[in-house]
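Visitor: What follows is a single structure, and I will ask about it in a moment.
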Amino acid sequence: MAGRNPGTELELGWISKVYVNRPAVVRHAEQIKKWKTVKVAAGFPSGQTPLEAKLTEIRLAVEYGAREIDIVISRSLVLTGQWEGLYEEIRLCRAACGEAHMKTILATGELGSLANVYKASMIAMMAGSDFIKTSTGKEVENATFPVGIVMMRAIKEYYWQTGYKVGFKPAGGIRTAKEAITWLMLVKEELGVEWLTPELFRLGASSLLGDIEQQVFYHVTGSYALQHELAMA
Amino acid sequence: MAALVALGAAPVAKIFATMEEGPIPAGINPGEAWLESHGRSLGHFVAGTWLKPPGRMSLECQEAATGRTVAVVPAGDSSDLAAAVAAAAAAAEAWAGLGGPERGQRLTRLATTLDSDRRGTMGALLALAGGRPLCQTLGADLDLGLRLLQVPAGGAQLGLPGLEGWTPLGVVAVVLAGPCSLSALLWKLGPLLAMGNTALVLSSPAAAPPLLLLGELSGEGAVLPPGVLNVLAGPPGLCQALRAHPEVTSVTFLGAAQEELQALVWGSPCRGPRLGGPRGGRVVVIVLDSADLDSAAAAIAATAATPPALFPWGGCVVLAQDAVAVALEQRLRARLGALRVGDPLDPKTEVGPLPPGTPPPEGVVQEAHEEGAQVFQVPLPPLPEGGHRFYPPTLISGAALTSCCLREPAPGPLLVLLPVRSPNEAVAVASALPQTVAAAVWAQDITVALDTADRLPQGLVWLNALDLLDPSGGCAGGAMDTDLDEALREFGCPPWEQPPEVDEPLSPLVTADDPGDPDLAQAVAAARGAAPGWGRLAGACRARVLRGAAAALWGGHGTPKDGGSGDTDGSLRRALLRWAARVERGGGAVQEVPGGRVLVTRRPLGVVGVAWGWPRPLPLELLPPALALGNCVVVAAPPGGAGPVQRLRKALVAAGLPGGALMVLPGNSRGSGSRLARQRPDGLWLCGTDAVPLLLLLAAPAPGSCCFFTFNPVSSTFRAHVNNLTPWLLLDYPVAMPSNLEPDPQGCVRLEMVNVSQLLETLVQNLGVLQGRPSHFPGCAHLRCQPGPALTSLAVRHEGTLGARQGPPSPAGHGLVLLGGVGGALGLAAAAWMLWRRPCAQVGPLEGTLGDGCLGGTGGALRVGDTGDAVGVGCPGVTGRAEDTGSTGEHWEVLPLSPPQPSQAPPTSEQDGT
């Protein structure tokens, strides 16, 4: 794993003047999608577990040899704007993780607004997350392109402020190879090609593999595979 | 895997290392294929077929990116033009006779053909010839173009209620005088054809291939009858040959910069020239501290890479509030650095070459650098042909306000970033920048955003967006695109255009009770003081004032000695009430456009001067609409009309009108019009006053202003201005010119006969002199070109040249409406906010009822140019339409204020007697 994000002090100034214009972000996402036509953890999945239980779980997992820990933030802290509380909570989890990598799941579908997504991403990175992840995959709304754009913009801003590259992982709702390629395009557009490595960008998509296999099968054989021809994904 | 190998792609490991996009497996370029199918030798498209005159020199059509010759076209000359005009003229009657529904259907079919079968070919040709990236030409540009064709076609099919009795103009020439996208052409071509005119498109060879394809499509399967759409390619001077063809009733110039247009129009007196379509200019973006900086930066970079389809390249100025300027600059640099510069035919490309004929903005950037500004330039990747047609995306920051990069628009992917302290300063800077065609405001704070947008002078203001363009939401702040029927009327001839049979003597030139310049200056200043307050009042408040006045007038008795009869009073009351009702509902309408919603509302012009020089009472019904829509009015009324105006004023002021909003000065002379004009009101109604001196006055642009004529009442309404000059530009016929602009001791204006081209040339030469001395015109001595017979009819020859058309009114006797000022429609989108305002809305609206009421059925439209569109009025409303159509054809055009003189009775002859 590439250099870990040590986190920073809580800098509320970085997020106090953040605005996100939803229509503009959505239009931007639409545009990138159009180009292409020319071309899973602790507290899982709801993030409603008491903090003590969460920390215990993490310590246990690390003890058993887990090298990557996914945590889910408490969405009530975001919705009520308790950024200090959120920072402290993630900080504690970070400490509990020890040397293990920590992914912070923002559960973006339930944060209310894109501005909240941006702010929560920044707080999570300040608190030392190595990866920020859109969702567990179990919410109603999962990884959408506008949300992804906003999170990536936060990552870029954090990079400009601190020099640390934090990874990004969209998860949930990504089912086709085409969508996966659009995600690659988005990352390239918003963060640049240096983020297109397994250390900094991952896709969380349990059903994607099957589609990719199908597409590869098609490109090799000229026809899609029958159900029994591929292993169950 | 075989597919990858076939593509010549790199090994998988390498792909993962670089993560570069692979080549897109495309077959042969459809644009090249089309050119190849014609043997790379095109012709003109005339009368539904290819015209390839033998033995003609050929001109090269070059690829924008490389300068490679992709095809040749024969150099069009006057004989080709004659053939095309003849074909268009022959087709005109049948096309007009088809009727709106049939025409609309055929145009829709043309759009469908373009959309389905030939989209790829058209997109590729546009990218090839114009250099705009394929993803734009194939996508947004073509979509907009199709909408611009389909919307008027649909209107023609339905038969719009506002168009009853309108007839087509005949043959209209469209001259592409500069870089001009297909959507810009279709913007004019759609209404033109839908209205029943036949078109003759003159293009430069570089821009010709896509237009010729459009012509060919119109001929395929006889979508349009032969001769309806003719496309000619030729050298730039070809349009001068138009003046030999009186069948061409109107000429529309597209894409030319203002100065070039001036040279074209004035150097070659051809008929009815109108400045249509996009004017060159740049976009100014204001980023306030509550903006979503990332989205703003993404949109700005995209606009810098490829400007919106209707605006030629003019660069982009970004005004960022201090608090966010640094952060925005960082983001802009990152975004510009990530832009993909390359071959426009590659679907991945975001920045193409400079448009053909555009010099790179090297000098501007160099100068900014020398002045100490920071210049950030993205290095160019390896490009075809050494990339000499390309310019790297550039960001200039820290430039002084006086820097060259702010004074002149520079074409290309060029951004100038300027920090501003507050929204107020941003508005001030944006207002002072020359040649801006559109503005955008980025701010999440809705109050600040709307307020800022509201105060900007630009015709089109986007909120938190940079690319919403749609025919139904106002395209480019042009005068004629809010309402569909307005767009169509631009190319139509109104039913009331026949000159009236009225012969009235002119008033004496100067009388004792004429207002002096100081009086006028004071009155205009008072009106100017009252204008912001009155204009910003809610419609309901203004309506209350009008109703109060109507009630007061009801009680009062019109005294015959005031010149007011009971009947006038009645119609005045009705006008007050009607406009009160209308303005209450005039708050605007939300219009859905692709990508957002637009709210179009109308805004006042400001101060409107009314000079009435006829010995008949002023039709007071003209004033309520102007006042209702928030204008302030300064009236110089003749003795016969001053009494009723004063009474109306008293009633209005008693009802709550600010005292300055309606100023009345007694005046009687034909000179008060030009004196009023010198006070620079935002709009001016001239009724039977001295037209020629006024024209001279209007013709003087402000020194150093290249885009807008700020000096005169037609500020920013160059189009109207050119329209006003139209009768003089038809052919090189003699006109009378005053040799003394100020009345001489005998109180006369001495008129001399000169040729119109001489007049204009002399005028152009002496503009500086005229301009420098606004109150007196010592320069007029220079205008004495050749002494002729003292006075002749101004329009005798004129009528002859027009053939079947009714002779247009003679200049001096023409009831002249001049328009001007900034104002008009204000639109704002809900989801993606966008504001747009007509930069050149015109004088307050007059009512249709005027035509039959107070004007005694004179019925001459106040169309100054005989081929021009009816002069639109300030506030073509979004409301009251249903009710209006029921009444006496309440058009929004200006109806006559005065009966134009019949040509046979030159009004100046009376003058001669003095």
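Visitor: List every residue whose amide H lies under 5 Å from the amide H of A:Phe168, counting only residues 5 or more places away in sequence or on a different chain, with H placed 1.01 Å from N in the peptide plane.
Guide: Those lying under 5 Å, H to H, from A:Phe168 are A:Ile132, A:Phe201, A:Arg202.
Visitor: Moving to a separate point now. Which ³J(HN,Hα) values in Hz, rounded to whole numbers, follow from the phi angles of the stretch B:403-417 under the Karplus curve 6.51 cos²θ - 1.76 cosθ + 1.60, where θ = phi - 60° and Gly and Pro get x?
Guide: Residue by residue, the stretch B:403-417 yields 5, 4, 5, 9, 6, 10, x, 10, x, x, x, 10, 10, 10, 9 Hz.
Visitor: At what distance in angstrom do the alpha carbon centres of the stretch B:336-387 and the stretch A:93-139 lie from each other?
Guide: 40 Å
Visitor: If the chain between B:Val448 and B:Ala521 were fully stretched, how many nm would it gain, using 0.36 nm times the residue separation less the Cα-Cα distance?
Guide: 22.8 nm
Visitor: With charges set only on the Cβ (+1 for Lys and Arg, -1 for Asp and Glu), what does the dipole of the stretch B:79-215 come to about its Cα centre, in debye to the nearest 20?
Guide: Approximately 180 debye in magnitude.
Visitor: Among B:Arg106, B:Arg597, B:Arg282, what's the order by accessible area (1.4 angstrom probe), most exposed first?
Guide: These residues rank, largest area first, as B:Arg597, B:Arg106, B:Arg282.
Visitor: Would you mind checking which residues have amide H under 5 Å from B:Trp462's amide H? H placed 1.01 Å from N; only 5 or more apart, or other chain.
Guide: B:Ala439, B:Ala440, B:Val441, B:Leu835
Visitor: List the residues whose amide H sits under 5 Å from the amide H of B:Val251, counting only those 5 or more places along or on another chain, with H placed 1.01 Å from N in the peptide plane.
Guide: Excluding prolines and chain starts, which carry no amide H, the hits are B:Ala173, B:Arg274.
Visitor: Still on this structure, please answer the following. Using θ = phi - 60° and the Karplus curve 6.51 cos²θ - 1.76 cosθ + 1.60, what whole-Hz ³J(HN,Hα) does each residue of the stretch A:188-202 get, with Gly and Pro shown as x?
Guide: In residue order, the calculated couplings are 5, 5, 8, 10, x, 5, 5, 8, 7, 10, x, 6, 10, 9, 9 Hz.
Visitor: Here are some pairs, A:Lys133/A:Lys178; A:Lys54/A:Lys156; A:Lys119/A:Lys178; A:Lys103/A:Lys165; A:Lys156/A:Lys178; which of them have Cα atoms lying more than 18 Å apart in this structure?
Guide: Result: A:Lys133/A:Lys178; A:Lys54/A:Lys156; A:Lys119/A:Lys178; A:Lys156/A:Lys178 exceed 18 Å.
Visitor: Any chance you could look up the accessible area of A:Tyr159 with a 1.4 Å probe, heavy atoms only, rounded to 10 Å²?
Guide: Roll a 1.4 Å probe over it and A:Tyr159 shows about 70 Å².
Visitor: Right, here's the next one. I need the calculated FRET efficiency for the pair B:Ser37 and A:Lys178, taking r as the beta carbon distance and R₀ as 35 Å, to the nearest 0.05.
Guide: It comes to 0.55.
Visitor: Could you check the spin-label model distance between A:Ser207 and B:Ala400? Points 7 Å from the Cα along Cα→Cβ, value in nm.
Guide: In this crude spin-label approximation the distance works out to 6.5 nm.
Visitor: Another question, then. Taking all protein chains together and a probe of 1.4 Å, list A:Ser206, B:Ser181 from the most accessible to the least accessible.
Guide: Correct descending sequence by accessible area is A:Ser206, B:Ser181.
Visitor: Per residue of the stretch A:73-85, what does 6.51 cos²θ - 1.76 cosθ + 1.60 with θ = phi - 60° give for ³J(HN,Hα)? Whole Hz please, x for Gly and Pro, Karplus curve as stated.
Guide: My calculation for the stretch A:73-85 gives 6, 7, 5, 5, 5, 6, 5, 9, x, 8, 5, 4, x Hz in order.
Visitor: Right, another one. Less than 13 Å Cβ to Cβ from B:Gln321, Lys/Arg counted +1 and Asp/Glu -1: what total charge do the surrounding residues give?
Guide: -3
The values are calculated or read from the model by the stated rules, or taken from the named source; none is laboratory data. Computed from a predicted structure; not experimentally measured. Virtual Cβ from ideal backbone geometry, glycine too; neighbours counted across all protein chains shown. Accessible surface is based on the protein model in full, side chains and every heavy atom, while ligands, DNA and RNA are left aside. Shrake-Rupley method; radii C 1.70, N 1.55, O 1.52, S 1.80 Å.
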